[in-house]
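Structure first, commentary second.
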Amino acid sequence: MSSGALDGDPAHEQPLVGRDAVFAHLEETLREVRRGHVRTVVLTGPAGSGKTAVLEVFLQHCRQLLRGVRVLSAVGDPWERQLALAGYSQLMQTAPIRSAKAYDAGAVPSSAPVPELTPAQAAAHAATFMTHLEALQAKATVVVAIDDVHHLDEETLRILVFVLRRLRGKRVLFVLTLDSAGAQGLPAGLLGALNGHRAGRLQLDPLTAGEVQDLARRDFGLDLGTTAAQRLVAHTRGWPQPIVELLGELPPETWQSWFPSLPASSRMVAQVSGLLAAGSPELTAVVEAVAVLGDQAGPEETGRVSGVGSVMQALDEAHRAGLVRLRSDEARSVVDFVEPGAAEAVYDLVPPSRRLALHRRAAEVVADEGQRLAHRVAATLGADEDLARELEEFARRQARRGAWHDVSNALFAAARLSPDGTDRGDRVLRAVDALVGSGSIAEAQVWTAAVESMPASPLRSSVLGYLSTASGQNHSARTQLTQAWEASDPATDPEAAAQVAQRLVLHGLASWDGPAMTRWAETAMSLTPAGAPAHVESAAIYGLGLYAQGRLHEAEAAYEEALGLAGETAQKQRLQMGAAWLALRADDVEHALVNFEAATPTEPRGGSLRISLWAEAWLARTQLILGDWDAAAITVSRASSRLEASRMPLVGPLLYWTAAELWSMRGDWARARQYVSRAAVHPGSYAAMQVPSHLARARFHEARADYESALEALEPLTEIDPWTPERVSFWPWQDTYVNALVMTNRLDRAAAFLRDLEAVPRERAIPTDEARLAWARGRLVAAQGDPDSAREHFERALLHLRGLHRPYLRARISFAFGQSMRRAGKRRLASSVLQVARDLYDALGATTYVDRCDRELKATGMDTSGVEDPADPVLAVVGRAESELTAQELAVAELVAAGATNKEAARSLFLAEKTVQYHLTRIYRKLGIRSRSELAARYRRGE
């Protein structure tokens, strides 16, 4: 059977976005049914999840593309639920019958519903339907499709239970759609049948942001950005129906910039209007109160704001109408709306004067100070300087906690209420600054034009410089922040000057400029008290500035002191991230892991998304170092979506470097290439962006044994990120650079670089740094022809890692050790070391290097398993000539037969290109062939 577009055929466009797995399951179930097995599939999901669309597409497929399939269909309807056999009559209309037996039993004609039914008539109809299905399936596979089975009349449901329990060994597929909340009203017998072993449930999942982008592009010609797609998913909970409605109804320009909220669709407005019109005045009052209260709507708050005495009765009515639900957990009970968009529809339907009154009541009811102020703002139509000052004072307190999103909301509200234009502009500037601090870069960028149009001032330049830094615009940030500092007056306004100095601290961090970090941090901290935001945020980076200058002991002491003074607020998030950053570099990786995990959440203490994302990017790197690669993959996936929505390129290369390296090592080249592309930056970007961007490319090419390309990616780092007596590099790329130089036979350059690096004084030996220096020296010495000295260096490198859990670095060193010893002819040593590397890589899931280890092990000629693998493709290629080829010739034959050039084979096996050509000539002679194509052909036959 050809299933066409539904089973993932690449030649056909998928009919519904995000439903490939559902259609594949339906197709597979239909194949089982056509082999003579009764099956039932229940499509479940809330209203708007696309159950009907999936069913309609599947039935269209059955009718138009498949031969020998008969479809019987019915749709449940609340209005027909009281009519006996309403659903049954639909099924029989799609396949009319003549049954004297049914009429003899007293049944009425099956083509029309009847108001009442006797037990004898019900039994007759059930038997008739059973008999008819058996007759139809003898000629064709039968698909019985019922949409909204929870809305069927009781008599049809009984017939359905009767048939599901008794039909066996027939070619009948039942496909039913069921609302997630609708199962409560179904008969127990039907629920039992639907939960039986012959029934399968397919829960429809919400669409992802990527799937929404595909849908918008395909069906509406809209190119949605990641931010717009994610906000649309948040508004609709990812359900297709409201997504499609809003994409079709709102102007295309809606999606081209950041938007604070979305309206309800016209269908939802009409649906809500109808429900309110049909309900009691108490229902209307309660749902209006819930819409105004938002996430603060508990039963008590709802009752007080609505003014309804019997609030639970009104909530019960709203629940029966499908408008709201009551959810409870250990902390509190919350009333919210069942369907996405319903809250917006209700709120918009509330008359303006009543809306203002409800907000005034809500301001007296809610406990949270920020929410109280927000309700007072919503109830105020004109300017109100007194309320604006209250909001400003609230913002000041929240700033000391580091809750920057609360700060921005309060200051924007204060700006709206400001009667004076100068005050209004000042508050907008500080609100945008708080947006950047919270990590809401996409929202802050909407205000760029407004900020640029304001009169020049230190605050304006500081805000633009801060936004440029977070956006990764190095030169613009430096220009704006320099202007801001030159225009500042620390003597008259130390708080404002300290804020500019703190922005320069962040600029120094992104540039990895140790003296700038410490100088500006000391300036900011000298101008502010210990708990001030600029003081805390400068202290969070100060230790890194010390380390960048080689002052590790001072850096550790600075973080210990700062963390000891920090309270349990969002400001501590910054200190934890900075301390973890230093701990990672100082080989206290386990401690770094704990602090990165602690710095990642922004709730419940209201931290910064920017700090959270930076911590998450380093968390993924830490997990990679510790060998927890599955966790690293999850962290990358989670952070990627948040990062793309935030539009914060400063953090992107760091996260994507880890992702590119991980998937390169696991052999998923398409995904790895995608992350390499996403890590790319402009040449003038910050060092904190350029270094991981280059490392992402280098690791990708290194994994493919393309050392020329890896070297090309690494060369700029000698200028961007030098390690000198005055400047300590943070990123571990130096050993990879030496390896690339050696593998491309640039031994003199490798020796000079390594000599200078080894000569740099270090305040304290860091074991992994020592290990990297030692294995780089071992790699170089081996290439220079001194395998005995090389062995000492490699063994010293592994000794430095004793007691440390660093499986990835240990695997890298062991692989280079074994490869170098194999080339030097020390086959037994090479074999044992390579087996260790292989086991480590295998535990990590690094299939790329597992395969490379296998090739190296074959090239040693040592028997590592004791059992010959009869399915080995190399043995299949060489056949009887196997015993005539050396181990290294076998390794060369495998690579060349797979399509590698001489140069690629040489890089992979750490051989000279001339050596590969020599081996290839001998392989041709021994196997009696003349060309690479003949070798490849024999390889294919062997497979």
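The values are calculated or read from the model by the stated rules, or taken from the named source; none is laboratory data. Computed from a prediction, not measured in an experiment: that's the story for all the values here. Neighbour counts are summed over all protein chains in view; Cβ atoms, including those assigned to glycine, are modelled from backbone coordinates with ideal geometry. To get the accessible areas, we keep the full protein, side chains included, count just its heavy atoms, and leave off ligands, DNA and RNA. Shrake-Rupley method; radii C 1.70, N 1.55, O 1.52, S 1.80 Å.
For GLU726 and ARG638, what is the calculated FRET efficiency with R₀ set at 35 Å and r taken between the beta-carbons, to the nearest 0.05? It comes out at approximately 0.35.
Computed on the chain, with alpha-carbon pairs under 8 angstrom and 6+ residues apart, the relative contact order is 6 percent.
Summarised in one figure, the compactness ratio Rg/Rh of region 276-342, Cα atoms and Kirkwood Rh, is 0.93. The count of lysine pairs in the chain whose Cα atoms are under 27 Å apart, excluding pairs fewer than 8 places apart on the same chain, comes to 14. As a ratio to 2.2 N^0.38 Å, the alpha-carbon radius of gyration computed for the chain takes the value 1.17. Using a 1.4 Å probe over the heavy atoms of the protein chains, calculate the carbon and sulfur portion of the accessible area of region 375-496 as a whole percent. Its accessible area is 51 percent carbon and sulfur atoms.
Electrostatic bookkeeping for SER261 treats Lys and Arg as +1 and Asp and Glu as -1; over the other residues with beta carbon under 13 Å from its beta carbon, the sum is -2. Positive end of the dipole of the chain (Cβ unit charges, origin at the Cα centre): among ALA410, TRP79, VAL38, the Cα lying farthest that way belongs to VAL38. Across region 582-719, the mean sequence separation of Cα contacts (distance under 8 Å, 6 or more residues apart), normalised by length, yields a relative contact order of 16 percent. For the pair region 336-361 / region 675-693, the C-alpha centres are spaced 46 Å from each other. With the simple model of a label 7 Å out from the Cα in the direction of the Cβ, THR131 to ARG396 spans 8.9 nm. Proximity of backbone amide H atoms, modeled 1.01 Å from N, is registered between PHE174 and ARG39, THR40, VAL41, VAL144 at under 5 Å, excluding neighbours fewer than 5 places apart on the same chain. First measure r as the distance between the Cβ atoms of ARG932 and ALA680, then evaluate 1/(1 + (r/R0)^6) with R0 = 30 Å and state the FRET efficiency to the nearest 0.05. With a Förster radius of 30 Å, E is 0.30.
Expressed as a whole percent, the accessible area of region 588-668 that falls on carbon and sulfur atoms is 59 (1.4 Å probe).
Taking the Cα centre of the chain as reference, the dipole from Cβ charges on Lys and Arg (+1) and Asp and Glu (-1) amounts to some 3400 debye. The translational diffusion coefficient of region 238-288, from Stokes-Einstein at 4 °C and 1.567 mPa s with a Kirkwood hydrodynamic radius over alpha carbon pairs, comes to 101 µm²/s. Think of the chain as having a plus end and a minus end, set by charges on the Cβ of Lys, Arg, Asp and Glu; of ASN745, LEU326, TRP629, ASN745 sits farthest toward the positive end of this dipole. In the chain, helical runs assigned H by DSSP with n ≥ 4 each contribute -39500 (n - 2.57); averaged across all residues and rounded to the nearest 500, the mean residue ellipticity at 222 nm is -20500 deg cm²/dmol.
Here is the list for region 757-824: trypsin sites (Lys or Arg not before Pro) lying in DSSP coil, each with at most 16 other C-beta atoms within 10 angstrom of its C-beta, are ARG762, ARG764, ARG802.
In this structure region 281-366 gives 47 Å² per residue of accessible area when probed at 1.4 Å with all protein chains present.
For region 390-439, the list of GluC sites (Glu not before Pro) that fall in a loop by DSSP and count at most 11 other C-beta atoms within 10 angstrom is empty. What number, in percent, do you get for the relative contact order of region 347-409 if the mean sequence gap of Cα pairs under 8 Å and at least 6 apart is divided by its residue count? Relative contact order for region 347-409 comes out at 23 percent. Toward the positive end of the charge dipole of region 529-641, with +1 on the Cβ of Lys and Arg and -1 on the Cβ of Asp and Glu, the farthest Cα among ALA558, ALA586, PRO533 is that of PRO533.
The residues packed around LEU643, meaning those with a beta-carbon under 13 Å from its beta-carbon, carry a net charge of +3 if Lys and Arg are +1 and Asp and Glu are -1. Accessible area of region 685-733 with a 1.4 Å probe: how many percent of it is carbon plus sulfur? Accessible surface attributable to carbon and sulfur in region 685-733 totals 48 percent.
The length gained by stretching the chain between TRP79 and ALA181 to full extension, at 0.36 nm per residue less their Cα-Cα distance, is 34.9 nm.
Amide hydrogen proximity for ARG201: with H placed 1.01 Å from N in the peptide plane, the residues at 5 or more positions away or on another chain lying under 5 Å are VAL42.
Looking at region 524-604, the GluC sites (Glu not before Pro) that sit in a DSSP loop and have at most 13 other Cβ atoms within 10 Å of their own Cβ are GLU568.
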